[in-house]
């Protein structure tokens with residue numbers, strides 16, 4: 001198998017190098033979190049035509065550090081109804097899962113560190129992407145247990161919503177990366193990055209065109225579905241329903257304060273960074289330099305790819321913030337409908353289509369087999385169309401009022417007149433009504449009749 | 001096969017665990033402690049909290065249904081991943097098998113949709 005060659009670089013580091021790399025990734029995550037919080041507040045501030053944090057340090061860069069220090073010295077309140085052991089464990093689970101997931105994200109190529117050749121990546125496995133998915137799955141436990149252990153209404157509702165949301169969008173996310181595995185033929189992150197290094201040549205309408213090998217270009221549907229479900233998976237706006245302030249106060253961490261709250265906050269931002277890092281790895285060519293820079297041959301060697309990786313990561317974080325600054329929050333039923341009724345079937349159809357195209361391209365099939373495949377696809381399509389659930393008529397929200405003007409019978413509630421017309425204000429200056437307006441039957445005509453009555 | 005490639009992951013996990021545990025543990029000793037009865041009540045918009053058992057008693061069965069659906073599709077994903085990785089090697093046979101499998105799951109999916117399992121009010 002290819003594992004032997006592709007992953008040969010991994011697992012040979014001496015213990016001090018492993019320790020140094022672990023520490024480096026840890027510090028990178030903490031610094032990125034501190035930076036990302038400042039970055040988000042600053043960008044959202046600019047989008048809302050205000051400066052954002054600008055007092056602590058140059059450009060307000062030390063604002064989130066100051067906030068973190070302040071949180072450490074805050075009073076910790078554990079509600080009387082809490083289940084203390086689980087209440088204590090929940091933020092730890094969230095934090096540990098968030099940190100661990102980043103272990104398999106590649107930062108750069110093999111470099112020489114103190115005379116030791118080693119890849120700029122903590123670890124890689126034949127199933128590296130599964131590590132990220134597994135960690136984000138276990139991270140749901142932190143949220144569910146936090147809501148459950150608080151012994152309070154809002155956290156419980158927030159936790160239930162959050163877990164339902166995360167598992168729903170995990171399905172969409174898991175399906176969207178199947179196409180990547182299919183094209184790359186591996187699940188190891190460094191090999192997926194390597195597979196995107198070369199430009200692809202496509203023969204389209206008899207002409208050969210060269211496009212970048214990034215899967216974001218080759219597999220656009222997968223990329224879009226991945227990004228949408230990544231926003232849902234990290235509970236970010238416009239999918240931040242678990243923390244909908246107007247409905248659920250703070251969601252699952254309503255009862256958390258001080259450092260325990262900070263762990264959840266940290267975990268949320270690290271998850272966002274990890275998901276963006278995975279997106280860069282799977283779809284945006286990983287640490288490889290973007291197109292115009294690739295003309296310079298030194299762009300993809302040495303320590304420089306760290307810069308490209310971080311730049312792509314920040315670009316994705318900007319999109320996260322941009323979405324937050326632009327879009328209003330979805331309603332819960334709309335949100336679940338998007339996940340289960342749109343992203344899921346589109347995903348499955350895309351996978352089958354891609355597999356079909358690949359099979360037809362590769363196999364030199366004779367006529368009968370090709371006819372069989374096309375007939376099979378037609379049968380499947382027919383099945384889908386016949387089984388397709390018909391759109392339900394939307395039920396009217398309110399029953400028709402009875403003659404007494406009440407809804408729901410005699411015990412119902414009175415209905416205010418819905419065609420209420422505001423009577424003209426007695427203080428209003430009598431406006432001259434043009435003679436033509438009365439004939440057209442527009443608003444002006446109704447106003448004039450009201451005044452006459 | 002050796003476990004050496006997994007060691008860095010374990011290392012990061014351990015470091016993350018130590019960091020999380022320490023920061024969660026020191027909080028009560030560093031911060032002030034001026035507790036009173038109202039502070040220790042669960043938060044409920046300033047009113048007297050509704051008495052409820054640990055775990056909040058009952059919750060809508062919809063969430064349970066979502067969890068069951070998640071398991072079905074997660075298993076589908078579990079089957080899809082190895083197929084996707086060895087897609088080149090399996091060839092036409094693998095493709096036909098997978099189309100049959102996806103169709104089977106799709107029938108269940110359409111059934112759930114028709115019965116209203118995916119609707120939220």
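A short reminder: the numbers here are calculations on the coordinates, not readings from a lab. Computed from a predicted structure; not experimentally measured. Cβ coordinates were reconstructed from backbone atoms using ideal geometry, including for glycine residues, and neighbour counts include every protein chain displayed.
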P(r) of region B:4-114 over all Cα-Cα pairs, binned every 10 Å from zero, in whole percent: 10, 17, 18, 23, 18, 10, 3, 0
Averaged across the residues of A:375-384, what count of C-beta atoms belonging to other chains lies within 10 Å of each residue's C-beta? 2
Quick one: which of B:33-45, A:302-314 comes out on top by average Cβ neighbours within 10 Å, and what's the full order, highest first? A:302-314, B:33-45
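Mind checking B:92-100 for the average number of partner chain beta-carbons within 10 Å of each residue's beta-carbon?
Numbers: counts 8, 1, 2, 9, 5, 0, 3, 9, 2.
Partner-chain Cβ atoms within 10 Å, mean over residues of B:92-100: 4.
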Neighbour counts of other C-beta atoms within 10 Å: give me A:94, A:368 arranged from fewest to most. A:368, A:94
Approximate spin-label separation residue A:85-residue A:130, in nm, with each point projected 7 Å along Cα-to-Cβ: 3.1 nm
Pairs of alpha-carbon atoms within less than 8 angstrom and 6+ residues apart define the contacts here; what relative contact order does region A:1-130 have, in percent? 28 percent
Distance in nm between residue A:296 and residue A:314 label points, each 7 Å along Cα→Cβ, equals 1.6 nm
Let me know the shape class of region B:54-121, please: from the alpha-carbon gyration tensor, a ≥ b ≥ c as square roots of the eigenvalues, rounded when a/c is under 1.5, otherwise prolate if a/b is greater than b/c, or oblate. oblate
With Cα coordinates, the longest principal axis of chain B makes an angle with the long axis of helix B:61-85, in degrees rounded to 10, of 50 degrees
Mean other chain Cβ within 10 Å across A:247-259 is 2
Quickly work out the residue A:360-to-residue A:24 label distance, labels modelled 7 Å from Cα along the C-beta direction, and quote it in nm with one decimal. 4.7 nm
